[in-house]
Amino acid sequence: MNNPNLVEEMRKISRDPLPTRSPSEIERLIDDLMSKMYLTEKIGQLYETGFDEHDVTGTNYDKSKTPMLIKQGLVGSIIGTHNQQALYRLQKIAVEDSRLGIPLLFAHDIIHGCKTSFPINLALACSFDADLVEKVSQATAFESSHSGVNMTFSPMVDLSRDPRWGRVMEGNGEDPYLSSVLATAYVKGYQQDDLTSYDTIAACVKHYIGYGAAEGGREYNTVDMSEAKLRQYYLPPFEAAVKAGAQSVMSAFNTINGVPASANKKWLKDVLKGELGFDGFVISDFTSTGEVLNHKIARDQKHVAEVCLNTGVDHEMIATTYIDYLEELVTEGRVSMAAVDDACRRVLRVKYRLGLFDNPYKNIYINQEDYWQLPEFLQLAREAAQQSAVLLENKNSILPLSPTTTQTIALIGPLGNSQKTMGGWNGKAWFEDTVTLYKGLQEAYPFANIIQVDGCDLEKPINLELDRVHEVVQQADIVILAVGESLHWSGEAHARANLDFVGLQPQMVEAVLSHGKRTIMVVFGGRPLILTPYKDRVDALVYAWLLGHETGHAIADLISGRVNFSGRLAMSFPYAVGQIPVYYNALPTGRPQHGHYTGDFYFSRYIDIPNEPLYPFGYGLTYSTVDYSSPDVSKKLVKTSGDSVDVSFTVTNTSSVAVYETVQLYIEALYYSVSRPVNELKRFEKVWLDAGESTTITFTLKSTDFGYVVENDQFTVEPVPFFIKVGPASNQTKKTEISLIEG
Ligand code: BGC
């Protein structure tokens, strides 16, 4: 309900440019402020609470206490409030009614778009396009900042090799290099190197560290792995985000080698704040500090506060162990004043950088809608979706399907006319704004006769309409199946042990396929699903992920050939659930088996399925054919330190269809002091090629690109020979050999 007085005040909120302060000026201002702060007020800066109930993802809290706590100076930040008047009211209490008037920071989970929904992050990673990701996060920042959000809990850069884990949808897939490049792009897009701007927000990179490797893909589960592996694979995207200026890092729910990530001195203090020089604040994940008790490394809540603060968590989300016990702990000497000061300084630093002390009401406008879903954002959402879908099969070039066709198209499956293809973690977006595939096809095929039928329920094993399905397929010239999982089946706490299409969809698909009609299968999902039963039985297979608001338009653009496919898989697709984890950058093993079983028994293999994934990392088809030359190198001998080599190759579009070709460069060490993967992605680029066009690409590799984390967790560059490989996918490359030499 509108409060007219508040609305009037909010109309007057200043939009004057904010001063940019130098780091030393900020530190001086903090010194001055902290010299006036009571211990309880410093501790207050270390607490994040909420106000809106619908944003709460975990254990509940008492939101009625929030205004009173703010008044007492006991709250530093607020998570996820949608209501502008509430934001204004809370900030007014902080600024006018608390003793020192320190502004609150407003944080929100804006993961793949704020009000305009873009493709889920895993889909966006399949664009292999850092510029696109930066544009998307810039647009997201604009919509978020102008609705009063100061910080987003994004990017999520947890590398994952396990599609059973529901949160793969939020990440960049399985490769550390791709994820690092995209992590940088997200942070740059959100922050644009100018946090005082009215158009930007601060980034909080999460979930530090190892969360994506939860055992068995089960949410919140244990992580146990060598430090070398964490450093080689899981740390680089965080390092990239920190280097790009991320203001906050979220500590994860899981344990790492027995120690909870939210109470982990090694990874928080020594590595993140020490080695990486991170100077923003570490925020716990939702109650992950309190959960240290469940991990059984603390006696009681008071002990939790002691352990978490001392190991480097600066800001506690929802759990209240800091505001409940830190004062006592400081008095008893179990937590030092210096530790509290450091945590408080980190939080204040980010608030100063955001200009909140200069304008605490920054962007808390009454007319936030004016900044949402601008036509250019919807256009960007459509382009992003076009680049994120991946074409997996296209037998006899069944696609594209001419937009002038007058044929009868049967659109069958519960996702054909569903808006639940937007993706979860929707920020402020509504799934009701999603363009369905049905709508997209109706617009793209004005002369066709499109018959839509769900065939079965989307979420439950009910409502199988086999008679209707058979009837419609009989009438059709071509069938488009729209199947998979809706937005309700992936995301946090949505681990799955089976990766089949949900409910009775497999039975429905069998009914359709029994007719032998030309069939295009469009699969929606927040993770790679098992496609093995269908791969060879459908004519075309499109992996649509969950593509945000413009889902239907984008898929119709691609199917009709208005736009060419360009997406490549950022995550390998398993042949069967039992093959998980399966990933392209695996080690060779002592008894490697390549290709199909040839009769020799004692190899590293399954006796019932191949070793290779169904579709590997980097794979994706287009409507074009592109030839790659073998790579040439500027030198054959490269020094292990301070040297570089240029790798050049020519790509030629041998077809009559223009394309964005995603060129990829991998390396392979012929030997090393530790076993290394057969392929490691080191560069990629999206190249526009007109019909018949040829272009030469040159990538420069530095000596450090050949390095690897070895024994004692040290990064080394060893003088050994390497293959350099280029191609359109991790399993389709041409190579040349070079040698690293001491120097
Ligand atoms: C999730 C985080 C999220 C937080 C706040 C947690 O449950 O793990 O990713 O940022 O809730 O909503």
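The values are calculated or read from the model by the stated rules, or taken from the named source; none is laboratory data. Owing to the predicted nature of the structure, the values given are computational and were not obtained by experimental measurement. Cβ atoms come from the backbone with ideal geometry, glycine included; neighbour counts cover every protein chain shown. Calculation scope for accessible area: heavy atoms of the full protein, side chains included, ligands and nucleic acids excluded. Shrake-Rupley method; radii C 1.70, N 1.55, O 1.52, S 1.80 Å.
Observations on the model:
- Cα-centre dipole for the range 623-693 with unit charges at Cβ (Lys and Arg positive, Asp and Glu negative), debye to 20: 380
- Here the 3J(HN,Hα) profile of the range 196-210, calculated from phi with Karplus coefficients 6.51, -1.76 and 1.60 at θ = phi - 60°, is 7, 4, 6, 9, 10, 9, 7, 9, 10, 7, 8, 10, 7, 8, x Hz, Gly and Pro shown as x.
- 3J(HN,Hα) along the range 510-518, derived from phi through the Karplus expression 6.51 cos²θ - 1.76 cosθ + 1.60 where θ = phi - 60°, amounts to 4, 4, 5, 5, 4, 7, x, 6, 4 Hz, with x in place of Gly and Pro.
- Dipole magnitude (debye, nearest 20) for the chain, charges at Cβ of Lys, Arg, Asp, Glu: 480
- DSSP-assigned coil residues among trypsin sites (Lys or Arg not before Pro) in the range 378-470, each with at most 11 further Cβ atoms within 10 Å: none
- The range 265-318, accessible area per residue, ligands and nucleic acids excluded (1.4 Å, Å²): 34
- Amide H contacts under 5 Å for Ile451, placed H, 5+ residues apart: Ile409, Ala410, Leu411
- Among 637-647, 320-330, 190-200, the peptide with the highest mean count of other Cβ atoms within 10 Å heads the list, and the full ranking is 320-330, 190-200, 637-647.
- Per-residue packing, averaged as other Cβ atoms within 10 Å, sorts the ranges 496-507, 100-111 into the order 100-111, 496-507, beginning with the highest.
- Apolar share of the accessible surface for the range 223-312: 47 percent from carbon plus sulfur atoms, 1.4 Å probe.
- For the range 253-406, the gyration tensor built on C-alpha atoms gives a prolate shape. Its axis ratio a/c (a ≥ b ≥ c) is at least 1.5, and a/b is the larger of a/b and b/c.
- Around Gln419: net Lys/Arg minus Asp/Glu count, Cβ-Cβ under 15 Å: -4
- Using a probe of 1.4 angstrom and keeping all protein chains present, the accessible surface of the range 155-240 works out to 22 square angstrom per residue.
- Cα centroid separation - the range 652-685 against the range 207-270, whole Å: 27
- Local charge for Leu541 was computed over the other residues whose Cβ lies under 14 Å away, with Lys and Arg +1 and Asp and Glu -1, and equals +1.
- Over the range 375-424, accessible surface divided per residue gives 33 Å², non-protein components excluded, 1.4 Å probe.
- Computed from label points 7 Å out along Cα-Cβ, the spacing between Ser629 and Thr695 is 1.6 nm.
- Taking every alpha-carbon pair under 8 Å whose residues sit at least 6 apart, the range 448-554 reaches a relative contact order of 29 percent.
- For the range 151-235, the gyration tensor built on C-alpha atoms gives a prolate shape. Its axis ratio a/c (a ≥ b ≥ c) is at least 1.5, and a/b is the larger of a/b and b/c.
- Sorted peptide list for 564-573, 401-410, 275-284, criterion being average Cβ within 10 angstrom, highest first: 564-573, 275-284, 401-410
- All aspartates and glutamates inside 12 Å of Lys460 as judged from Cα atoms, apart from same-chain residues fewer than 8 positions distant: Glu485
- Across the range 87-103, coupling constants 3J(HN,Hα) worked out from phi with the 6.51/-1.76/1.60 Karplus curve, θ = phi - 60°, read 4, 4, 4, 5, 5, 5, 4, 4, 7, 9, 9, 8, 4, 9, x, 6, x Hz, and Gly and Pro carry x.
- Relative to one another, the C-alpha centroids of the range 76-92 and the range 183-205 are positioned 21 Å apart.
- Using 0.36 nm per residue and subtracting the Cα-Cα separation, the extra length available between Glu215 and Phe603 on full extension is 137.1 nm.
- Span from the the range 154-177 Cα centroid across to the the range 410-480 one, whole angstrom: 28
- Surface composition of the range 656-708: carbon plus sulfur atoms hold 49% of the accessible area, using a 1.4 angstrom probe and ignoring ligands, DNA and RNA.
- Portion, in percent, of the accessible area of the range 348-438 that falls on carbon or sulfur, probe 1.4 Å: 47
- Modelled FRET efficiency - R0 25 Å, Ser24 with Asp199, Cβ distances, 0.05 increments: 0.45
- Calculated FRET efficiency for the pair Asn257/Asp341, C-beta based, R₀ 30 Å, to 0.05: 0.50
- Local electrostatic count, Tyr623, Cβ distance below 14 Å [Lys/Arg +1, Asp/Glu -1]: -2
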